[in-house]
Amino acid sequence: MPGLEAPPVAPFYEKRKSVFPKAIDGKFRRIKWLWMGVTLAIYYVTPWLRWNRGPYAPSQAVLVDLAHRRFYMFGIEIWPQEFYFVAGLLIMAGIGLFLVTSAVGRAWCGYSCPQTVWTDLFQHVDRIVDGDRNAQIRLQSGPWNAQKIGKRAVKWSIYLFISFWTGGAWILYFADAPTLVRDFWAGEAAPVAYATVAALTATTFVLGGFLREQVCIYMCPWPRIQSAMLDENSLIVTYKDWRGEPRGSVKQASGAAPPLGDCVDCNQCVAVCPTGIDIRDGPQIGCITCALCIDACDAVMAQVGRSRRLIDYVTLEGAEAEKAGAAPQNVLETILRPRTLVYFGIWCAIGLALLFALGVRRHIDLSVAKDRNPPFMVLSDGSLRNAFTVKLLNMESRPRPMEIGLSGLPGAVMWRDDMPRSAASRVLRQKVEADQVSVLRVYVAAPPGSLPQDFSFMLRALDKEGEGDAHTTRFDAPGESE
Amino acid sequence: MTKRIDEPTGTETVGHEWDGIEELDTPMPRWWLWTFYLTILFAAGYVVAYPAIPLLHKGTDGLLGWSSRGQLAAEIAQANAGREGVLRQIAATPIDQLPGKPALMQAAVAGGRAAFRVNCVQCHGAGAAGVPGLYPNLNDDDWLWGGNLKEIEQTITHGIRQPGDDQTRSSLMPSFGRDAMLTPSQIEDVVSHVRNLSGKERPSASSTRGAAIFADNCAACHGPAGHGGRQVGAPNLTDAIWLYGGSREAIAASVTNAHAGVMPAWAHRLDAVTIRMLAAYVHSLGGGEGFAAPPPAPSSGAPADARP
Ligand code: SF4
Ligand code: SF4
């Protein structure tokens, strides 16, 4: 019935439109290949690197030792109280992200994000097993015959295999890799190791194998944050509509009035896009800035003999200028601008500060907590006693003999709670095991009539380094204070 | 509220508008909806399986029979099971041999600290400093009944002046004043003497008279020189520590009326291991006596006194 059309009803849910990105070769695809290799290699190989730390420490180069609360990274060993190093690295990572994003847009999303890297990997598996885009589409819409079942079984097995290696590699960062691998297969590893591998295998399988671009578009908060870090001077992948529109095929173009733009409407940019979007609709949240559409369009432009970079990395400002007829921007100039330089400066400053802190940190530490209840004690001979909890920290991977002594507090002596007072003296010796803290309860007695005053515990390592530390605290006595 | 089709996206808007900002009525992805339905299913299952719905007096129990109280009980049982081995070892080790096993001793002190916080702080205070005139300070090195591990364990086990316990600690200082064994002026003289013993007062005519009275009445327990006697729990009168105060009035009050402090016999309330750990803890507070062999003191303290 003409004129009685019902208004369009919004569907209750959006059916998933499967994405079958076409294989493409080009400059950015090759960068992406290379970077994929580098990131995957870092991830899989790192736990196997060895680093000799002597007999008392693990010889794994990168190790997060949760049980002993240590973090080893090559020559650096981080204790829980040195967490500021990790915090500093995280801040550097954050600022590094600001820097990269404000310079070259969402490079993290397009190149380094694990979701992108593994999705890319799985998409190559698709191409190897099912064939390229058209074959994939045919297979998807075809009936479940023996061939399809076989291909699916092969493909999903490969997914599972990759996922398992991915989950398996993760736990190697938390224990000695060779031992853990042996224990894992012997069924002797900790239950948490199996649980972690199972969980990471499952998430890799589902997120990388099936959800793919859905993660980027619907689940991930990162695109929202990164969009906020972009400004009109950030490089983003852009379709130059002023050059491409109105679009039409080469055939249509001849003799058309008004003349058509450069886009031949071949849809190659859409076909290669791993998130399945059409960049010609303008910048959008689904674009992870992988630049594969640039490769695709450049290839098309070369075929039809038009100039390259109809789709290009351009800043919004550069795009406006180009639209008005200016020459394309110099990429280096857009990257080196005050905002990125400031980020870079901050990033370097934090890095240098961390390096400095790393250089001057001591490998020995003394901390003293004074008993407040009671603050002091009168002994039967009238002398005054204070109690302290003294912690000696040995951050070296070997046992070290240490000595604490008193500085100040004339006439005072000290002894441990497991010694008689008759053994008291001005110094105490204690061997502190490798990477350990020795907690001593120490009593300090001063002669009768001593007044409240400050004094110090002095710590010294009795080895050739002879490192030391001091801690000033208070001796309480009946007197002007307390 | 006018719904319209948004030009660039072709999606219908929901019809709300704030400051010119409109909301697209974008349909949700199907997997998202399925996830949502699954969470609803999960919630329904959860409500059936676990305690969930509050009723008048208690909530539903849940089919799995789980409860936070039960979980706590299980965790406590597990923690206890983990401690059991150490506790058994402590129980099997005579207390005077504990210091020979440093790890065991440390565990005992730690366990004793916890038990002290539950059972002992009410009188002796959180820092074990006692209350002057009421409860003895356990940090100092003055002991009425002895300060080695064994003696402390004995005191905690049998208490002070506990009727019906024939091993309880019990000292019997007479009430010299109240029972008219000494006159008030004699008491004043004894006080002078006692304060002279501990160096709190100079010798005087009064203290000389007091010395004679002391020799007749007090030396039997406190010793001729006033050093006290641990067999009878008589305090040392020559040191700097006074349980009931060292002023003239306080000492006079002690001689006149005597004191008879009490402490529960913990044998009836705590198990032997806990008492043993308590003794180890009290011993570690700084006044412990009877260490096996004092380790040799390091030679000189001179280097540590120099600041680096
Ligand atoms: S639009 Fe281009 S740059 Fe953006 S995700 Fe798709 S292929 Fe990558
Ligand atoms: S690849 Fe280039 S020419 Fe082809 S549709 Fe995309 S923008 Fe147009």
The exposure ranking of A:F475, B:F116, fewest beta-carbon neighbours within 10 Å first, is B:F116, A:F475
Rounded, prolate or oblate: which fits the stretch B:247-295, taking a ≥ b ≥ c as square roots of the Cα gyration tensor eigenvalues, rounded meaning a/c under 1.5, else prolate when a/b beats b/c? oblate
Relative packing of A:169-181, A:33-45, B:217-229, which averages over residues the other C-beta atoms within 10 Å, highest first: A:169-181, B:217-229, A:33-45
Okay, helix-only estimate at 222 nm for the protein assembly as shown: each DSSP H run of n ≥ 4 adds -39500 (n - 2.57), divide by all residues, round to 500 deg cm²/dmol; what do you get? -12500 deg cm²/dmol
Rg [Å, one decimal], Dmax [Å, integer] - the stretch A:1-116, C-alpha atoms: 24.0, 88
For the stretch A:103-184, count all C-alpha to C-alpha pairs, find those more than 22 Å apart, and express that count as a whole percent of the total. 47 percent
For a bin width of 5 Å, list the pair-distance distribution of the stretch A:283-329 built from all Cα-Cα distances, rounded to whole %. 5, 20, 22, 21, 23, 8, 0
Alpha-carbon Debye profile of chain B, log10 I(q)/I(0) at 0.10 Å⁻¹: -0.77
Could I have the simple spin-label model distance between A:Q436 and A:F210, label points 7 Å from Cα toward Cβ, reported in nm to one decimal? 5.1 nm
Which cross-chain or sequence-distant (5 or more) residues have an amide H under 5 Å from the amide H of A:I364, H modelled 1.01 Å from N in plane? A:M395
For the stretch A:422-482, one quarter of the surface area of the C-alpha convex hull, expressed in nm², comes to 5.6 nm²
Give me, ordered by chain and number, the residues 5 or more places off B:G229 or on other chains with an amide H under 5 Å from its own placed amide H. B:A234
Grab the eigenvalues of the alpha-carbon gyration tensor for the protein assembly as shown, scale each by 5, take roots, and send me the semi-axes largest first in whole angstrom. 82, 32, 26
List the equivalent ellipsoid semi-axes of the stretch B:132-200 in whole Å, largest first, each obtained as the square root of 5λ for an eigenvalue λ of the Cα gyration tensor. 29, 18, 9
Label-point gap, in nm, between B:S68 and A:V86 - each point 7 angstrom along Cα→Cβ: 2.9 nm
To make sure I understand, if each residue's beta carbon is the centre and we count other beta carbons within 10 Å, what order do A:L292, B:L270 fall in, fewest to most? B:L270, A:L292
Tell me, what ³J(HN,Hα) does each residue in the stretch B:63-71 have, in order and in whole Hz, if you take phi through Karplus 6.51 cos²θ - 1.76 cosθ + 1.60 with θ = phi - 60° and put x for Gly and Pro? 5, 7, x, 7, 8, 5, 5, x, 5
Taking each residue of A:422-428 in turn, how many C-beta atoms of other protein chains fall within 10 Å of its C-beta, and what is the average? 6
Using only C-alpha atoms and all pairs of different ones, pull out the Kirkwood radius for the stretch A:69-131 in Å with one decimal. 14.6 Å
In terms of modelled amide H atoms, which long-range or inter-chain residues lie less than 5 Å from the amide H of A:S425? A:M414
Provide the net charge surrounding B:Q89, with neighbours chosen by a C-beta distance below 14 Å and charges set as Lys +1, Arg +1, Asp -1, Glu -1. +3
Could you tell me the largest-minus-smallest coordinate of the C-alpha atoms of the stretch A:213-271 on each of the three principal axes, in descending order and whole angstroms? 48, 27, 13
Which value in Å does the Kirkwood hydrodynamic radius of the stretch A:287-358 take, with 1/r averaged over all unlike C-alpha pairs and then inverted? 15.2 Å
Coordinate range along principal axes, alpha carbons of the stretch A:179-289, Å, largest first: 76, 33, 23
Applying the Karplus parametrisation 6.51 cos²θ - 1.76 cosθ + 1.60 with θ = phi - 60° to the phi angles of the stretch A:340-347, what ³J(HN,Hα) value in whole Hz is obtained for each residue in order, glycine and proline being reported as x? 5, 5, 4, 4, 4, x, 4, 4
Answer check: the stretch B:149-308, Cα atoms, Kirkwood Rh, Rg/Rh ratio of 1.09
Cys residues of chain A with no disulfide-compatible partner (no other Cys Cβ under 4.7 Å) are A:C109, A:C113, A:C216, A:C220, A:C263, A:C266, A:C273, A:C287, A:C290, A:C297, A:C348
Order of B:L138, A:L341, B:L278 from fewest to most other C-beta atoms within 10 Å? A:L341, B:L138, B:L278
Taking only Cα atoms of the stretch B:24-173, the Rg to Rh ratio with Kirkwood Rh works out at 1.30
The ³J(HN,Hα) series, computed from each phi in the stretch A:87-103 with the Karplus coefficients 6.51, -1.76 and 1.60 at θ = phi - 60°, rounded to the nearest Hz and given as x for glycine or proline, is 4, x, 5, 5, 5, 4, 4, x, 5, x, 5, 4, 4, 5, 5, 6, 8
Any idea how far apart A:A302 and A:I225 come out in nm if each label point goes 7 Å out from Cα toward Cβ? 3.8 nm
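All of the numbers you see were taken from the coordinates with simple rules; none came from a lab. A quick note: this is a predicted structure, and the numbers were derived from the prediction, not measured. Note that we place each Cβ from the backbone using ideal geometry, even for glycine, and neighbour counts take in every protein chain shown.
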